1. Run the dipole for segment 70-119 about the Cα centre, Lys and Arg Cβ at +1, Asp and Glu Cβ at -1, nothing else charged, and hand back the magnitude in debye, nearest 20.
2. Step by step: find N for the chain, compute 2.2 N^0.38 Å, then divide the Cα radius of gyration by it. What's the final number?
3. Given 0.36 nm per residue, what is the gain on full extension from Glu23 to Glu83 after removing their alpha carbon distance, in nm?
4. With a 1.4 Å probe and all protein chains in place, put Asp73, Asp216 in order of accessible area, largest first.
5. Rank these by accessible area, largest first, 1.4 Å probe: Met212, Met278.
6. With the convex hull built on the Cα atoms of segment 52-141, state its orientation-averaged projected area in nm².
7. Looking at the chain, what % of its DSSP beta bridges pair antiparallel, to the nearest 5?
8. Give the shape of segment 148-306 as rounded, prolate or oblate, defined through the alpha-carbon gyration tensor: a ≥ b ≥ c are the square roots of its eigenvalues, a/c under 1.5 means rounded, and otherwise the shape is prolate if a/b is larger than b/c and oblate if not.
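The values are calculated or read from the model by the stated rules, or taken from the named source; none is laboratory data. What you are looking at is a predicted structure, and each value in this text was computed from that prediction instead of being measured. Glycine gets a Cβ as well: all are built from the backbone with ideal geometry, and neighbour counts include every protein chain shown. Please note that ligands, DNA and RNA were not included when accessible areas were found on the heavy atoms of the full protein model with its side chains. Shrake-Rupley method; radii C 1.70, N 1.55, O 1.52, S 1.80 Å.
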Amino acid sequence: MDARRAVPRAQAPWKEMSAEELEKQYSPSRWVVRMEPEEALRTFREKGTEATKNAQATRRCQLYVPYGDGKGDRMDIYFPDTESEALPFFLFFHGGYWQSGSKDQSAFMVNPLTTRGVAVAVVDYDVAPKGTLDHMVDQVTRSIVFIQQQYPRNEGIYLCGHSAGAHLASMMFLANWTKHGGVPNLRGFFLVSGLYDLEPIVSTSNNALLLMTLEDAWRNSPQWHLDTAPAWPADLACPILVMVGEHESPEFHRQSWEFCQTLCRAGWEASFKKLPDMDHFSIIENLTKKDSVVTQIVVQTIFREL
Ligand SMILES: N[C@@H](CC(=O)c1ccccc1NC=O)C(=O)O
C-alpha cells in the first residue's frame, strides 16, 4: 500500500463512506440494540420529561432563570437541601443535534446530584433554525459566566454535555473568558457521546435545519483548534472525561477517542471511557440512578477534586 495515501485515509474514514453509510453513522438511534430507533428516541424524551417533573416537584429550584437578555437565555437551577452558596455546580447542556431538546426534558441527574450536595443547572439555548452554532456557543459561554458571577463562592463549576451539548461544552476549551468578563472556576468536564469534528455532519440530513457551511463546521470543530486555542487561565489539571457508549457507531467512537487524544496532546488531563452495555441514550438515562456507573463516575470526579 502507498504510505502517502494510507495516512489521510486512516485519519478520515468517513470520507470514504457512501452517503447512506455516513447518514447511518451519524444517526445514534440506529445503533441502539435494546429497542427500535423510534422507541429509543421516545423513551429518552419521556424519561427526561418525567425526571424533570419529578425534580421540580421535589427539589428546591429556580426555574427560567435569565442568564442574558435573549428570550432563549434561560436555565433551571436545582439546589441541595443545605442552604449554602459554597457548592459545586454541575451545568448540563442537552443534545439533539443542535435542533431539538430543551431543559424541560433534560433534568435527568438532578436527584442523585442534589442529594450529594451538588447544585445542578440545566441550560437552554436557541436550537436551529432560530439559533446558529456560533450563537449557541456564545449562549453556553454566557451561561457559565453567569453562574460564576451569581455564585462567586462556588466550589467548582463542572460542565456536562450530551451529544451536541458535549460539542458545545467542548467549545469552551476555545473560549476567550476575559472577553466575556470573567474567568469561571471550571473544575471538570463530562463529555458524553459528543461530536468534536463537525465536517462529516455537513453532508448528512442533520444539517437540513442547521444549514452550517463547511466554514461554520471548521470554525466550530474543537478537534482542529485546540493547539492554537487562547491560553486558558484555569488549571490545566482539571479532569476531562470523554465518554461514549459501547453501542454507538464507529464514527461516534472515533470522534470521542480522537478528541481525547488531542486534549492529552494539548496538555489536558483527559481520559476516555467506553461504557459497557450503554448506548447514546441509556448513558444519560442512567444519570437518574444514583448507583449507575455513569453517576458514580460523575460523583467520584467531583468529590475527588474537592
Ligand atoms: N436523529 C437522531 C437524534 C439524536 O441524535 C439525538 C436525540 C436526542 C438527544 C441527542 C441526540 N443526538 C445528538 O445530539 C438519531 O437518529 O438518534
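1. Working: 4 positive and 6 negative charges, 44 e Å.
Here segment 70-119 has a charge dipole of around 220 debye.
2. Numbers: Rg = 18.4 Å, N = 306, 2.2 N^0.38 = 19.4 Å.
Here the answer is 0.95, to two decimals.
3. Values: separation 60, 0.36 × 60 = 21.60 nm, distance 4.82 nm.
Stretched fully, the Glu23-Glu83 segment lengthens by 16.8 nm.
4. On the way: Asp73 5, Asp216 35 Å².
These residues rank, largest area first, as Asp216, Asp73.
5. Working: Met212 10, Met278 40 Å².
Ranked list, largest accessible area first: Met278, Met212.
6. On the way: hull surface 23.0 nm².
Computed as one quarter of the Cα hull surface, the answer is 5.7 nm².
7. On the way: 9 of 37 bridges.
Roughly 25 percent of the beta bridges in the chain run antiparallel, per DSSP.
8. Numbers: a/c = 1.68, a/b = 1.07, b/c = 1.56.
It is oblate, given that a/c is not under 1.5 and a/b is not larger than b/c.
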